[in-house]
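One structure is given here, and the rest of the page talks about it.
The values are calculated or read from the model by the stated rules, or taken from the named source; none is laboratory data. Since we're looking at a predicted model, the values are computed, not measured. Using ideal geometry, Cβ is built from the backbone for each residue, glycine included, and neighbour counts are taken over all protein chains shown.
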Amino acid sequence: MPSPRPARALISLAALAQNVRGLSGVADVRRDACGHGLQACGPVLAAEGLALWTDDERPAGTVIEPARLWGLPGGGATPVMTLVGSVLSTKVLRVGEGVSYGYTFRAERDTRVALVSGGYAQGVVREIGNRAHVRVAGHDAPIVGRVAMDACVVEIGEAEVARGDDVVFFGNPGTGDPDLAVWSDVTRLGAPEILSLVGARAAREAHR
Amino acid sequence: MTAWLDVDLGAFAANLARVRETVAPARHMLVVKDDAYGHGLEPIVTRAVAEGVEWFGTFDVPTALAVRRAGGAGCRILAWTVYDDADIDRALDASVDLGVGDAFVLDAVIRRARERGLHARVHLKIDTGLHRNGIRPEDWSAAIARVQLGVDAIALVGVWSHIAEASDSEDDAARAVFIAAADEAAASVTPPPLRHLAASAASFARPEFRFDLARIGAFAYGIRPDGGPADELLGIRPVATLCAETVAVDDSRVTVGAGALDGLDSRLAGVLRVGTPGGERTLLSVDATTATVGGWPGARPGDVVTLLGGRAPLTATDAAELLGTIGEQVVLRISPRLPRRYR
């Protein structure tokens with residue numbers, strides 16, 4: 001059984017390279033590559049022949065749309081960042097029992113819930129409580145109750161979910177991950193500002 | 001950098017004094033999760049120790065170890081979450097108390113402490129209704145029995161919970177569950193464990209929720225509850241202010257060097273009032289790395305604008321109320337990449 005971990009922002013450098021292949025111009029990597037990590041992403045973009053617009057310097061040339069670069073909703077490219085939490089514990093929830101601050105969720109039947117690492121301090125925006133779902137152990141599980149500072153609760157019902165299981169908050173909808181577009185729609189925040197903070201506060205891991 | 005977070009350690013110290021006198025005779029556990037709510041862990045812990053704070057609360061063990069480094073051997077530190085055996089080992093080595101809220105972690109702590117020949121200090125969490133971390137009441141007696149069988153390896157030094165603050169009556173019901181669980185623990189181990197239930201709001205509003213320790217982060221940083229009492233009534237002041245320099249000026253508006261990617265919430269455009277050398281102005285637009293505000297006579301590059309917080313027209317919680325969220329999230333969304341400037 002794997003141990004649970006803090007929420008992690010996984011950065012796919014393969015997706016990033018694929019998103020810009022064949023393009024020329026300038027990649028906007030200000031603010032630590034919009035939270036994706038300039039140190040890991042900069043060399044990948046440079047190797048694809050792009051100039052880098054950093055916090056210090058803006059090169060001449062056409063700027064690639066951020067939605068295309070990072071695979072944001074509507075950009076027609078693959079999301080580069082996936083936010084993954086871990087199941088910290090599971091427990092039964094009886095009919096009528098509430099979840100988290102203010103009891104904004106109450107169980108309509110006996111069910112089970114999982115406590116998941118990742119809260120608004122890691123960029124799991126508080127407003128998505130009761131309005132978005134995660135992907136865990138092959139199931140879509142709704143986020144129930146208010147998102148807390150470092151954790152949130154998801155309803156797992158009868159699904160076989162155990163401590164240490166990965167919980168995908170958002171990623172590549174093409175492979176079944178929840179869509180960041182839902183977070184933008186619910187919050188009215190732009191996708192870049194959501195990712196900027198996730199990348200800054202969640203543990204970031206770049207993968208080839 | 002053209003933007004920064006101004007952190008007023010004098011205001012922090014005054015808030016700590018206010019918290020201490022309010023919760024006495026209970027003691028204040030200063031919550032320093034997430035880089036001390038984004039204020040910077042080391043300066044906050046250093047000042048808190050100088051002001052007499054003894055107890056610190058963190059979400060994870062790595063933060064607890066950073067508190068130990070900054071605060072020295074005299075602090076008591078509670079880490080709320082155990083991810084793995086390495087966390088248990090590091091907590092044992094640094095004399096960090098561990099929050100335990102399920103049987104699996106309780107067994108892991110007992111096993112690991114026994115293997116190491118050490119004694120772990122545990123605060124056992126009862127689930128009084130939030131249904132996050134915490135042992136359900138029907139499982140509490142079994143957990144206490146496990147503690148008694150593990151006395152060679154662990155000391156039960158605390159019983160704790162979180163309350164929902166959904167309504168006073170529901171919090172009262174949670175408190176009754178808490179007292180029953182703490183009483184059962186006290187009858188089973190010696191000395192009786194410390195009791196801690198309340199965070200900022202309940203600690204101030206409801207004396208009967210204070211018990212031995214009040215876990216307070218928000219009020220120490222001057223973050224009042226949304227929809228709750230004003231700062232003046234609580235006797236606290238916001239510690240942090242998001243500031244930005246003017247980077248460009250045209251006829252009617254001024255551009256400042258902080259934007260949405262820095263944590264200036266784009267939803268505040270058109271509604272936030274900010275502080276300028278010419279008086280209060282409206283935040284007109286928020287771009288990726290810049291924002292515009294209404295101009296003032298004589299505006300020049302380098303002029304400082306206070307966007308939100310203690311030295312701005314609106315506090316973090318004021319801004320949160322415009323957005324339908326809470327001050328903690330507004331503060332924690334300010335980018336950790338921005339420098340912190342202490343005064």
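Checked across the stretch A:184-204, the condition of being touching a residue at least 40 places away in the same chain (Cβ under 8 Å), surrounded by fewer than 18 Cβ atoms within 10 Å (Cβ to Cβ) and in a loop (DSSP other than H, G, I, E, B) holds for no residue.
Assessment of the stretch B:32-54 against the conditions (surrounded by fewer than 22 Cβ atoms within 10 Å (Cβ to Cβ), touching a Leu at 6+ places or on another chain (Cβ under 6 Å), assigned to a helix (DSSP H, G or I) and within 14 Å of another protein chain (Cβ to nearest Cβ)) yields at least one matching residue. Restricted to the stretch A:29-48, and to residues that are assigned to a helix (DSSP H, G or I) and small (Gly, Ala, Ser), which residue is farthest from the other protein chains (Cβ to nearest Cβ)? Ranking the qualifying residues of the stretch A:29-48, first place goes to A:47. Would you be able to say whether some residue in the stretch B:267-284 is within 27 Å of the chain's Cα centre (by Cα), among the polar types (S, T, N, Q) and over 20 Å from residue A:195 (Cα atoms)? No - not one qualifying residue is present in the stretch B:267-284. Restricting the stretch B:145-176 to residues that are surrounded by fewer than 17 Cβ atoms within 10 Å (Cβ to Cβ) and among the aliphatic types (A, V, I, L, M), the residue that is farthest from residue B:109 (Cα to Cα) is B:173. Against the list (1) out of contact with any strand residue (DSSP E or B) (no Cβ under 6 Å at 6 or more places or on another chain); (2) in contact (Cβ under 8 Å) with a residue 12 or more places away in the chain, the condition residue A:107 fails is (1). Scanning the stretch A:49-84 for residues that are surrounded by 15 or more Cβ atoms within 10 Å (Cβ to Cβ), away from every other protein chain (no Cβ under 14 Å), more than 30 Å from residue B:87 (Cα to Cα) and not hydrophobic (A, V, I, L, M, F, W, C) turns up A:68, A:71, A:73, A:75, A:78, A:79. Evaluated against (1) within 14 Å of chain A (Cβ to nearest Cβ); (2) crowded, with 19+ Cβ neighbours inside 10 Å, residue B:182 falls short on exactly one condition, (1).
Taking (1) closer than 30 Å to residue A:28 by Cα; (2) buried (at least 19 other Cβ atoms within 10 Å of the Cβ); (3) more than 12 Å from chain B (Cβ to nearest Cβ) in turn, residue A:120 satisfies each apart from (3). Filtered by the rule that a residue be buried (at least 22 other Cβ atoms within 10 Å of the Cβ) and in contact with a helix residue (DSSP H, G or I) (Cβ under 7 Å, 6 or more places away or on another chain), the stretch B:269-293 gives B:272, B:283, B:286.
Of the residues B:260, B:240, B:319, the single one that is under 18 Å from the mean Cα position of the chain (by Cα) and of a type in the set (Gly, Ala, Ser) is B:240. No other residue among A:167, A:147 is assigned to a loop (DSSP other than H, G, I, E, B) and under 30 Å from residue A:30 (Cα atoms) apart from A:147. Between A:21, A:8, A:58, which is touching a residue at least 24 places away in the same chain (Cβ under 8 Å) and within 18 Å of residue A:192 (Cβ to Cβ)? On inspection, the qualifying residue turns out to be A:58. Enumerate the pairs (first residue in the stretch B:313-336 and closer than 23 Å to residue B:279 by Cα and among the charged types (D, E, K, R); second residue anywhere and surrounded by fewer than 20 Cβ atoms within 10 Å (Cβ to Cβ) and modelled with pLDDT under 95) with beta-carbon separation below 9 Å, excluding pairs fewer than 6 apart on the same chain, so at least 6 apart or on different chains. Note: pairs meeting the criteria are B:321/B:226; B:321/B:227. A single member of A:92, A:87 is surrounded by fewer than 16 Cβ atoms within 10 Å (Cβ to Cβ), part of a strand (DSSP E or B) and either at negative phi or touching a Leu at 6+ places or on another chain (Cβ under 9 Å) (or both), and it is A:92. For residue B:112, are the conditions met, namely being surrounded by 15 or more Cβ atoms within 10 Å (Cβ to Cβ), in a helix (DSSP H, G or I), at pLDDT 95 or above and of a type outside the set (A, V, I, L, M, F, W, C)? In short, yes. Yes or no: the stretch A:95-103 includes at least one residue that is surrounded by fewer than 18 Cβ atoms within 10 Å (Cβ to Cβ), within 11 Å of chain B (Cβ to nearest Cβ) and assigned to a strand (DSSP E or B). No, the stretch A:95-103 contains no residue that is surrounded by fewer than 18 Cβ atoms within 10 Å (Cβ to Cβ), within 11 Å of chain B (Cβ to nearest Cβ) and assigned to a strand (DSSP E or B). For the stretch A:157-173, what are the residues that are within 15 Å of residue A:10 (Cβ to Cβ) and surrounded by fewer than 21 Cβ atoms within 10 Å (Cβ to Cβ)? Hits for the stretch A:157-173 are A:166, A:168, A:172. Residues in the stretch B:140-171 that are more than 9 Å from every other protein chain (Cβ to nearest Cβ) and of a type in the set (Asp, Glu) were compared, and the one that is nearest to residue B:216 (Cα to Cα) is B:171.
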